[in-house]
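**Student:** Have a look at this one.
Nothing in this text is a laboratory measurement; each read-out follows from the coordinates by a stated rule. These figures come from a predicted structure and were not determined experimentally. Note that we place each Cβ from the backbone using ideal geometry, even for glycine, and neighbour counts take in every protein chain shown.
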Amino acid sequence: MHVHQFTEFILIVIVALIVIGPDKLPEIAKTLGKAFVEFKRAGEELKRTVNETAAGLDKAHKTDPASNAGAPSAEKKEAGEDKDGKKAPQ
């Protein structure tokens, strides 16, 4: 911790002691600590879920590339073209 940061920390602690009081300060600090830990756990769980979902999508795309390879795109469908870009008979 740099000297400037340490000074700010001490100032915050002194103000907290004056405003909250020495009796309630440990209880409030404990509650805030638990809240930060829970918030961190929720963030890690969200990150893990996103990574697992992305890995599943990548795996599905790599194992089944034919599901989209033969399908004509929306633009080709509208233009009446098949998957090779040739005009389909009407």
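**Student:** Taking a spot 7 Å from the Cα of Leu32 along the direction of its beta carbon, which residues of the range 1-21 have an amide N less than 17 Å from it?
**Tutor:** Under cut-off, by backbone N: 5-21.
**Student:** Separate question: Whole-Hz Karplus ³J(HN,Hα) for the range 16-24, in order, using 6.51 cos²θ - 1.76 cosθ + 1.60 and θ = phi - 60°, x for Gly and Pro?
**Tutor:** 4, 4, 5, 6, 8, x, x, 6, 8
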